[in-house]
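Undergrad: Structure below; questions to follow.
The values are calculated or read from the model by the stated rules, or taken from the named source; none is laboratory data. Not measured: the values here are computed from a predicted model. Counting neighbours? That spans all protein chains shown, and the Cβs are built from the backbone with ideal geometry, glycine included. Ligands, DNA and RNA are excluded from the accessible area calculation, which covers all protein heavy atoms including side chains. Shrake-Rupley method; radii C 1.70, N 1.55, O 1.52, S 1.80 Å.
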Amino acid sequence: MQATMLLVHQLKNNFLLSEEEEKIIYSRNVLPEAERKAIKALSCFDNKYYNACIDPLNSVMYCNYLYWVSHLLYLQKELQIASKVYYLNKMLNSVELFYAIELPDIWSCEHPVGGVMGRAKYGDYFFYYQGCTVGGNKSQYPVIGEHVTMFSNSKILGNSHIGNNVIISASTYIINQNIPDNSIVFGMSPDIIIKEIR
C-alpha cells in the first residue's frame with residue numbers, strides 16, 4: 001500500500017499523471033500483480049533486507065516493483081503510463097529496465113545503479129550488481145541460462161549463449177561467445193578465461 005501511494009504521488013509530481021491515467025493504474029490490477037511478482041522474485045534470494053511487502057525505501061525492492069508495474073502496463077498496451085513508470089525507475093535507481101524487455105519471473109540485483117538490461121532471453125535466478133550491461137551486437141542478442149550472476153561492471157553482448165550456473169566475474173566482457181554450464185568467467189572476449197565450478 002505504501003509503495004502504491006508513493007508511486008502515484010511520484011508520477012503526479014514528475015510526469016503530470018492525469019486523472020484518467022490514475023484511474024487506469026488503480027483499476028487494472030496492475031499494482032497488486034506487480035507487488036506479487038516482485039515479492040515472489042525477491043523471496044527466492046537470500047537477503048535480510050527483503051520483506052513480505054514492497055519497501056519503497058529499499059532501492060532493490062522498489063526497482064524490481066517499478067519494472068513489473070511498467071511491464072504489466074506495457075502488456076496492457078498502456079504505453080504512455082508504462083513510459084512514465086519506466087522513466088521514474090530510471091530517475092530513482094539509475095537503471096535501464098525498459099518495459100518491453102522480458103526479464104524472468106525470478107530476478108534481482110544488488111546496487112542496481114548503472115544496470116542496463118537490454119534485449120536478451122533471460123533464465124530464472126538472474127542476478128546482477130552495479131554497472132552491468134546486457135545487450136545486442138549487430139541485431140543479435142544474448143541467451144542467458146538459469147542461475148547466472150553478473151558481478152559489477154560485467155557485460156554480455158551479441159550472439160552469446162551463457163549456460164546455467166554461471167558466474168560472470170567483475171569487469172568481464174563477453175561478446176559473441178558461448179559459456180558452458182557450471183563456469184566462472186574472467187577477462188575480455190575473445191581472450192576470456194573459463195573455469196569449471198565444481
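Undergrad: Would you mind checking 90/195; 84/121; 23/155 for any pair whose Cα atoms are more than 31 angstrom apart?
TA: In this structure, 90/195; 23/155 exceed 31 Å between Cα atoms.
Undergrad: Compute the accessible area per residue over the stretch 107-150, keeping the other protein chains in place, probe 1.4 Å, unit Å².
TA: In whole numbers, the stretch 107-150 has 41 Å² accessible per residue.
Undergrad: Give the calculated FRET efficiency between residue 138 and residue 186 to the nearest 0.05, with a Förster radius of 35 Å applied to their Cβ-Cβ distance.
TA: 0.90
Undergrad: Could you please state, rounded to a whole Å, how far the C-alpha centre of the stretch 5-34 is from the C-alpha centre of the stretch 99-156?
TA: 27 Å
Undergrad: Turning to a different aspect of this structure: With only Lys, Arg, Asp and Glu charged, each at its Cβ (+1 for the first two, -1 for the last two), find how big the charge dipole of the chain is about the Cα centre; round to the nearest 20 debye.
TA: Around 220 debye, computed over the chain.
Undergrad: With +1 on each Lys and Arg Cβ and -1 on each Asp and Glu Cβ, how big is the dipole of the stretch 18-122 about its Cα centre, in debye rounded to the nearest 20?
TA: 240 debye
Undergrad: Another question, then. In debye to the nearest 20, how big a dipole does the stretch 1-67 give about its Cα centre with +1 on each Lys and Arg Cβ and -1 on each Asp and Glu Cβ?
TA: 200 debye
Undergrad: Next question. Taking amide H positions as placed 1.01 Å from N in the peptide plane, with prolines and chain starts having none, which residues 5 or more places from residue 160, or on another chain, fall under 5 Å of its amide H?
TA: Those qualifying (amide H under 5 Å, at least 5 residues apart or on another chain) are 143, 176, 177.
Undergrad: Among 14, 150, 186, whose Cα lies farthest out toward the positive end of the dipole of the chain, if unit charges sit on the beta carbon of Lys, Arg (+1) and Asp, Glu (-1)?
TA: Final value for the positive-end residue is 186.
Undergrad: Once you put a point 7 Å from the Cα of residue 161 and another 7 Å from the Cα of residue 5, both along the Cβ direction, what distance in nm separates them?
TA: In this crude label model, residue 161 to residue 5 measures out at 5.1 nm.
Undergrad: Note down the nm distance, to one decimal, between modelled labels 7 Å out along Cα→Cβ at residue 18 and at residue 121.
TA: 3.9 nm
Undergrad: Taking 35 Å as R0, compute the FRET efficiency from the Cβ-Cβ separation of residue 153 and residue 43 and round it to 0.05.
TA: After rounding, the FRET efficiency stands at 0.80.
Undergrad: Any aspartates and glutamates with Cα under 20 Å of the residue 37 Cα? List them, leaving off those in the same chain fewer than 8 positions away.
TA: 46, 55, 78, 96, 102, 105, 110, 124, 146
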